[in-house]
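Chemist: Supplied in structure tokens, the structure appears directly below.
The values are calculated or read from the model by the stated rules, or taken from the named source; none is laboratory data. Because the structure is a prediction, the values reported are computed rather than measured. Here the Cβ positions follow ideal geometry from the backbone for every residue, glycine too, while neighbour counts run over all protein chains shown. Just so you know, the surface numbers come from the protein's heavy atoms only, side chains and all, with ligands and any DNA or RNA stripped out. Shrake-Rupley method; radii C 1.70, N 1.55, O 1.52, S 1.80 Å.
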Amino acid sequence: MAQSDTKKIFFENLSGAGKAIAVLTSGGDAQGMNAAVRAVVRMGLYVGAKVYFIREGYQGMVDGGENITEATWESVSSMLQVGGTVIGSARCKDFRTHEGRLKAALNLVTLGITNLCVIGGDGSLTGANLFRAEWSGLLAELVEQGSIEAQSVQNYTALHIVGMVGSIDNDFCGTDMTIGTDSALHRIIEVVDAIMTTAQSHQRTFVLEVMGRHCGYLALVSALACGADWVLIPEMPPEDGWEEKMCQKLSALVVKCLGFDTRVTILGHVQRGGTPSAFDRILASRMGVEAVLALLETTANTPAWVVSLSGNQSVRLPLMECVEMTQKVQKAMDEKKFEEAVKLRGRSFENNLRTYKLLAHRKPESELPTSNFNVAVLNVGAPAAGMNAAVRSAVRVGISEGHRMFAVNDGFEGFYKGQIKEIKWSDVGGWTGQGGSLLGTKRTLPAKHVGKIAEQMRTHNINALLVIGGFEALESLLQLYEARAAYEEFCIPMCMLPATISNNVPGTDLSIGADTALNAIVETCDRIKQSASGTKRRVFIIETMGGYCGYLATVAGLAAGADAAYIYEEPFDIRDLQANVEHLTEKMKTSIQRGLVLRNENSNENYTTDFIYQLYTEEGKGVFDCRKNVLGHMQQGGAPSPFDRNFGTKISAKAMQWVTKKLVETFRQGRVFANTEDSCCLLGMRRRALIFQPVVQLKGETDFVHRIPKEQWWLKLRPLMKILAKYKTSYDVSDSGQLEHVVHNRPKDSDASVAM
Ligand code: ADP
Ligand code: ADP
């Protein structure tokens, strides 16, 4: 079927035929901008539009000529993994002037461009909006000057604008994340990890300066991710006497007789550099596709949109409302109304701040409450990066709430064998940055050993349980819930936190560890792709983990620019394999002579990685050759990504607060007794809210045979991956289109209802 046929079916109202879209990057560069440009170009071509690059931001638009060139499918190849912006960015004085914008309008109209996609900060977007408002006036002026025909004014009545926010600062209201922020956090945390090793060797104190201009997001979130001892952010100017307080805190850490030895590191532009993180590539790709759809749907009556992220949904918001809101925050900062600024920045910001304070500042023993409750923490299943951050957070929050915290080694196996010890505040120092599971983790389920486990619970007088792990953790909690009937020891509050690289736990959109594994896979794909740069005409087949869950294969496929990702959830047959061979054969005729195919380990019993490898090798004879890589356990190792550190930390803090609440609620007549469904919960992230869900209620949502949730949100990203790889497919508009108009008085995440 010809591509245009597919389009006819799915894009009847959304055809880009006859339209011209131009894309530019402006202001400061950020990692991920290239992924956004690539997505705009490919989606634009996919819907049948002409797409133009405008180089060097607004300057290129004003100067015209070679700065505005038509883009092709191949011209955006191999840029997904590149930092910065390949098409150049600039600050442009001319565009601030009327003459400048008049020239820019002439350049656009000459090429018939009436759709503009701007990737930049709030300054750039403000400029774009102004240009849009002036458009018809500018054209009239050009007619008057005799630069264009009067007919042009009729042909190009309106300029349609869509914005995407590229900025490492995450300072834009209306989106949860801006393109580049996650990558900047990666750079910062890499440096912190490196500094930590030398700091420990010398008993030194390090002061690190990070970027972010007037916004403390980068500093705050990095502080949270590395467990910094002190953080200074513009939203929270130091109070009087802070120097003394800080020194007091630090002197506890630095061996007294060595004295203070302090070093300062200013990170600077390192933060804007390097390869974009998996998250930024995906975010930018989704935004780019959404931006094109937004342009196609723009009419004279719709405002200019900015494409943004709300939880894991890409949405459109009125651009100027977001810009105004962002400027309001700035005004509050300028007027030193810091509390207001923090409020306007949104609940996520406040929540980060609160969690940071909770964990970094240890109260003296005498000031701690005593609850007389004992809480046990354990890891279950395979290790996942971020588990240790979750344990640290649980231990520290637990202690702050007055509980005695107990660590269980080696999951339920250690539990029934009695490997249980009290764990203190300082025992978990430095745990956020450690990969794997420091407590030790096993797949053993509790059912066979409930009697012995109950005995241990009695011996240690355990009043609540926090289980951190993947699908086995869920099964374990279900078993312990069942065991309540026979053993009162399990009639206590129990909570599980999803932690597995596979991201296959029902009740949550994301699990701790998945982001780290994703980055490991994407990084490896980059290397593998690069290894072919001299060889050419090579197709790589890469097998990823995930059990029956295709999350890693799909999302890594999107982030690495794969040609296909085979997964269990989307059955495939010999015709699909054939189509893919044909696709790759066609691709070898273009300038991109390289293919990348991901295969989830359990995607098909018979079409194994070896089978696909042999099939491709045979069918590709004379056209391309084939190599395979089974990634294996490298996906489970490594230092946790900033997101996994923070996610683990925040979700665990929330869980411990819930545990405390439940303990208080169920403490009657001298003992804890909890036997209701809602005292045995999974805490998961749904959209952008953290929600406690009784594990028994999750049974209906679960495919226990294949150990996956029956519904998985990320499946909607698959068409996107295919479109960007030039497949004929339909794009389910459900990832988009959700129009939200209420930005006014809506701080970043006021809709994040947090159920307790
Ligand atoms: P950012 O987009 O990162 O906030 P700037 O504020 O420096 O960065 O804006 C980038 C460019 O956008 C400026 O150099 C200028 O060309 C254009 N621009 C910004 N504000 C306006 C404005 N009010 N009117 C016209 N153009 C503007
Ligand atoms: P929160 O708002 O949950 O306190 P953040 O401010 O760190 O956390 O991030 C905002 C939202 O952006 C998160 O809720 C999450 O949905 C999304 N997000 C940010 N970084 C990542 C990532 N690396 N992987 C997946 N989702 C992410």
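Chemist: If I ask for residues that are outside any loop (DSSP other than H, G, I, E, B) and polar (S, T, N, Q), which ones from segment 588-616 would you list?
Modeler: Matches in segment 588-616: N600, T609, Q614.
Chemist: F206 passes all but one of (1) of a type outside the set (K, R); (2) under 29 Å from N34 (Cα atoms); (3) part of a strand (DSSP E or B); which number fails?
Modeler: Result: F206 fails condition (2) only.
Chemist: Next up: For segment 291-319, what are the residues that are more than 11 Å from C173 (Cα to Cα) and part of a helix (DSSP H, G or I)?
Modeler: A291, V292, L293, A294, L295, L296, E297
Chemist: Hey, could you check segment 658-676 for residues that are of a type in the set (S, T, N, Q) and buried (at least 16 other Cβ atoms within 10 Å of the Cβ) and say which is nearest to the chain's Cα centre (by Cα)?
Modeler: The extreme case among them is T660.
Chemist: Still on this structure, please answer the following. Would you check which residues across segment 143-181 are more than 45 Å from the chain's Cα centre (by Cα) and either within 14 Å of ligand 1 (Cβ to nearest atom) or in contact (Cβ under 8 Å) with a residue 24 or more places away in the chain (or both) and list them?
Modeler: If the condition is that a residue be more than 45 Å from the chain's Cα centre (by Cα) and either within 14 Å of ligand 1 (Cβ to nearest atom) or in contact (Cβ under 8 Å) with a residue 24 or more places away in the chain (or both), then S147, I148 are the ones that fit.
Chemist: So, one more: Could you identify the single residue in L510, L477 that is under 30 Å from V375 (Cα atoms) and either within 16 Å of ligand 1 (Cβ to nearest atom) or open to solvent by less than 20 Å² (accessible area, probe 1.4 Å) (or both)?
Modeler: Going through L510, L477 in turn, just one is under 30 Å from V375 (Cα atoms) and either within 16 Å of ligand 1 (Cβ to nearest atom) or open to solvent by less than 20 Å² (accessible area, probe 1.4 Å) (or both): L477.
Chemist: Looking for something under 25 Å from Q657 (Cα atoms), open to solvent by 100 Å² or more (accessible area, probe 1.4 Å), touching a residue at least 24 places away in the same chain (Cβ under 8 Å) and touching a Ser or Thr at 6+ places or on another chain (Cβ under 8 Å) - is there at least one such residue anywhere in segment 363-370?
Modeler: Yes - at least one qualifying residue is present in segment 363-370.
Chemist: Select from segment 133-142 the residues that are open to solvent by 40 Å² or more (accessible area, probe 1.4 Å) and either within 16 Å of ligand 2 (Cβ to nearest atom) or touching a residue at least 24 places away in the same chain (Cβ under 8 Å) (or both) and list them in ascending order.
Modeler: Answer for segment 133-142, where residues must be open to solvent by 40 Å² or more (accessible area, probe 1.4 Å) and either within 16 Å of ligand 2 (Cβ to nearest atom) or touching a residue at least 24 places away in the same chain (Cβ under 8 Å) (or both): E134, E141.
Chemist: Taking the stated definitions as given, is L358 open to solvent by 50 Å² or more (accessible area, probe 1.4 Å) and among the aliphatic types (A, V, I, L, M)?
Modeler: Answer is yes for this residue.
Chemist: A further question follows. State whether one or more residues within segment 48-60 are within 16 Å of ligand 1 (Cβ to nearest atom), assigned to a strand (DSSP E or B) and not basic (K, R).
Modeler: yes
Chemist: Right, another one. Of the numbered conditions (1) in a loop (DSSP other than H, G, I, E, B); (2) closer than 19 Å to I282 by Cβ, D169 satisfies every one except a single condition; which is it?
Modeler: So the condition that D169 fails would be (2).
Chemist: Also, I was wondering about something else. Enumerate the pairs (first residue in segment 23-44 and more than 21 Å from V62 (Cβ to Cβ) and of a type in the set (S, T, N, Q); second residue anywhere and in a helix (DSSP H, G or I) and within 16 Å of ligand 2 (Cβ to nearest atom)) with beta-carbon separation below 6 Å, excluding pairs fewer than 6 apart on the same chain, so at least 6 apart or on different chains.
Modeler: Pairs that qualify, where the first residue is more than 21 Å from V62 (Cβ to Cβ) and of a type in the set (S, T, N, Q) and the partner is in a helix (DSSP H, G or I) and within 16 Å of ligand 2 (Cβ to nearest atom), are Q31/S183; Q31/D280.
Chemist: Further question on the same structure: Working carefully through the options G112, G174, G84, find the one that is more than 16 Å from ligand 2 (Cβ to nearest atom), outside any helix (DSSP H, G or I) and modelled with pLDDT under 95.
Modeler: G84
Chemist: Taking V82 as meeting all but one of (1) open to solvent by 10 Å² or more (accessible area, probe 1.4 Å); (2) more than 27 Å from the chain's Cα centre (by Cα); (3) among the aliphatic types (A, V, I, L, M), write down the number of the exception.
Modeler: So the condition that V82 fails would be (2).
Chemist: In segment 546-588, what residues are of a type in the set (A, V, I, L, M) and in contact with a strand residue (DSSP E or B) (Cβ under 7 Å, 6 or more places away or on another chain)?
Modeler: Scanning segment 546-588 gives L552, A553, A556, A560, A562, A564, A565, I567, L584.
Chemist: If you go through segment 88-100 one residue at a time, do you hit one that is away from ligand 1 (no atom under 16 Å from the Cβ) and of a type outside the set (S, T, Y)?
Modeler: No, the conditions are met nowhere in segment 88-100.
Chemist: Checking the structure you have, find out if any residue of segment 320-329 is open to solvent by 10 Å² or more (accessible area, probe 1.4 Å), without any contact (Cβ under 8 Å) to a residue 60 or more places away in the chain and away from ligand 1 (no atom under 16 Å from the Cβ).
Modeler: no
Chemist: Check whether at least one residue in segment 683-697 is charged (D, E, K, R), open to solvent by less than 60 Å² (accessible area, probe 1.4 Å) and without any contact (Cβ under 8 Å) to a residue 24 or more places away in the chain, and report yes or no.
Modeler: no
Chemist: While we're here: G274 fails exactly one of the following numbered conditions: (1) part of a helix (DSSP H, G or I); (2) in contact with a Ser or Thr (Cβ under 8 Å, 6 or more places away or on another chain). What is the number of that condition?
Modeler: Checking G274 against (1) part of a helix (DSSP H, G or I); (2) in contact with a Ser or Thr (Cβ under 8 Å, 6 or more places away or on another chain), the one that fails is (1).
Chemist: Quick test for you: out of L125, L130, pick the one residue that is out of contact with any Ser or Thr (no Cβ under 7 Å at 6 or more places or on another chain), open to solvent by less than 50 Å² (accessible area, probe 1.4 Å) and within 13 Å of ligand 1 (Cβ to nearest atom).
Modeler: After applying the criteria, what remains is L125.
Chemist: Among the residues of segment 640-657, what is the count of those that are more than 14 Å from ligand 2 (Cβ to nearest atom) and open to solvent by 10 Å² or more (accessible area, probe 1.4 Å)?
Modeler: Adding up the residues that qualify gives 1.
Chemist: May I ask you to list pairs of residues, at least six apart or on different chains, whose Cβ atoms are under 7 Å apart, with the first in segment 660-678 being within 18 Å of I691 (Cβ to Cβ) and the second being part of a loop (DSSP other than H, G, I, E, B) and open to solvent by 60 Å² or more (accessible area, probe 1.4 Å)?
Modeler: Sorted first by the residue in segment 660-678, then by its partner, the pairs are K661/M756.
Chemist: Inspect segment 143-157 for any residue being open to solvent by 10 Å² or more (accessible area, probe 1.4 Å) and either of a type in the set (F, W, Y) or within 16 Å of ligand 2 (Cβ to nearest atom) (or both) and give the result as yes or no.
Modeler: The answer is yes, given that some residue of segment 143-157 is open to solvent by 10 Å² or more (accessible area, probe 1.4 Å) and either of a type in the set (F, W, Y) or within 16 Å of ligand 2 (Cβ to nearest atom) (or both).
Chemist: Can you tell me which residue is modelled with the highest pLDDT among those in segment 271-315 that are surrounded by 24 or more Cβ atoms within 10 Å (Cβ to Cβ) and acidic (D, E)?
Modeler: Step by step, filter segment 271-315, then rank; the result is D280.
Chemist: Can you tell me which residue in segment 580-602 is modelled with the highest pLDDT, limited to those that are open to solvent by 50 Å² or more (accessible area, probe 1.4 Å) and farther than 30 Å from D515 by Cβ?
Modeler: E582
Chemist: Regarding V754, is this residue in a loop (DSSP other than H, G, I, E, B), buried (at least 18 other Cβ atoms within 10 Å of the Cβ), at pLDDT below 95 and among the β-branched types (V, I, T)?
Modeler: When the stated conditions are applied, V754 does not pass them.
Chemist: Quick check on segment 85-102: of everything there that is in contact (Cβ under 8 Å) with a residue 60 or more places away in the chain and over 25 Å from V47 (Cα atoms), which residue is surrounded by the fewest Cβ atoms within 10 Å (Cβ to Cβ)?
Modeler: Ranking the candidates gives R91 first.
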